[in-house]
Amino acid sequence: MLTNGRFSAPALDFAKSQRLHLVDRKFLAQWASGSRPLWEILRAVPPPRRPTSLS
């Protein structure tokens, strides 16, 4: 879930119980600046796979 605002404490609790990824204005700014890839900002998102000779 993405917002240019902030998430309330109940929203954070609900997201955790539902295994949702939350992106607030802080994370959105980091992602939009291009300084860090999404999988580093949201640690639960795996990095992209490296190509293999079979791909």
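For a quick check: with amide H placed at 1.01 Å from N, whose amide H comes under 5 Å from V23's, ignoring anything fewer than 5 positions away on the same chain?
Here the answer is L2, T3, since their amide H atoms fall under 5 Å of that of V23.
Could you order R6, R49 so the one with the most accessible surface comes first? Probe is 1.4 Å.
Ranked from most to least accessible, the order is R49, R6.
How much net charge surrounds L12 when only the other residues with a Cβ under 15 Å from the Cβ of L12 are counted, with Lys and Arg +1 and Asp and Glu -1?
Neighbourhood net charge equals +3.
Set the Förster radius R0 to 30 Å, insert the Cβ-Cβ distance between T52 and H21 as r into 1/(1 + (r/R0)^6), and round the FRET efficiency to 0.05.
Efficiency, rounded to the nearest 0.05: 0.65.
What figure in square angstrom, to the nearest 10, would you give for the accessible area of D13 with a 1.4 Å probe?
Taking all protein chains as shown, D13 has close to 110 Å².
Looking at the square roots a ≥ b ≥ c of the eigenvalues of the Cα gyration tensor of the chain, which shape do they give, rounded for a/c under 1.5, prolate if a/b is larger than b/c, or oblate?
Judged from the Cα gyration tensor, the chain comes out oblate (a/c at least 1.5, b/c at or above a/b).
For the chain, modelled as a GNM with alpha-carbon contacts under 10 angstrom, which of L38, L28, L20 fluctuates the most?
Fluctuation is largest for L20.
Give the accessible surface of the chain per residue, rounded to a whole number of Å², with probe radius 1.4 Å and ligands, DNA and RNA excluded.
Accessible area per residue: 88 Å².
When the solvent-accessible surface of protein heavy atoms is calculated with a 1.4 angstrom probe, in what order do K16, K26 fall, highest first?
Per-residue accessible area, sorted high to low, gives K16, K26.
The values are calculated or read from the model by the stated rules, or taken from the named source; none is laboratory data. If you're wondering where the values come from, they're calculated on a predicted model, not measured in any experiment. Backbone-built Cβ (ideal geometry, glycine too); neighbour counts: all protein chains shown. For the accessible areas, the whole protein counts, side chains as well, though only heavy atoms, and no ligand, DNA or RNA atoms are used. Shrake-Rupley method; radii C 1.70, N 1.55, O 1.52, S 1.80 Å.
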